[in-house]
Structures are given as C-alpha cells and as structure tokens.
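The structure under discussion appears below in the form of structure tokens.
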Amino acid sequence: MAGWRERYPGVKVEALVAAGRAAKVLIGMSHTAQLVVVGSRGHGGFAGLLLGSVGRQLMHYAECPVLIAHAPAAGRNGEGPAAAGPSPLGVAPR
C-alpha cells in the first residue's frame, strides 16, 4: 500500500492482519464492506482468465460487490505495473 495513501489522500485505507484462510476472512469482512478487492496471481495467457479459489469463493459467498483486479502485462523490458509487485488485496469498509 506504500505510496497509494499519498497518491489518493481522499480514499480511506486501513491495514489489517488476520489469521485464517484468505477466503473465509474476506467473506467475513464482506458483511460490513462496500467492496472487496482482490488481485489475481497473474499467470498470463489462458490461465490468467481463470478465477483462483479465493476469487471463486468470494464471488459466491461475499455479501458485497467483489472486484478481481488483473495486473496489466509488463512492458517488453520487464518494467511496468506487472513487474512492480503483487496485486493489491483489500476491503473497503461500509
């Protein structure tokens, strides 16, 4: 989340560390959220079009909208958003 708070100061960002299976924790958080945002693993090609197990469970059981963000492909030289690190994972509070 480094840099994003400064870039978008009007957006409330809250960090939370929780123990448990990702899907179960995020589904629990969805009860009080406006939106759940998860990243994809970015396998690329056909595999990149598929949902992972966490995304699939959220799509079926979350009590708020779910956005699964796929990072754009890196540039030819390995630079760009996909090369910058993992996709974000977050929950927007209601």
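Give me the number: length gained by fully extending M59 to M1, i.e. 0.36 nm times residue separation minus the C-alpha to C-alpha distance, one decimal in nm.
That works out to 18.5 nm of additional length.
Spelling out what I want: for every residue of the stretch 8-13, take phi, set θ = phi - 60°, compute 6.51 cos²θ - 1.76 cosθ + 1.60 (Karplus), and round to whole Hz; glycine and proline get x.
Those phi angles translate into 10, x, x, 9, 6, 10 Hz.
Each reported figure results from applying straightforward, stated rules to the coordinates on display, with no laboratory input. Everything numeric in this text was worked out from a predicted model, so none of it was measured.
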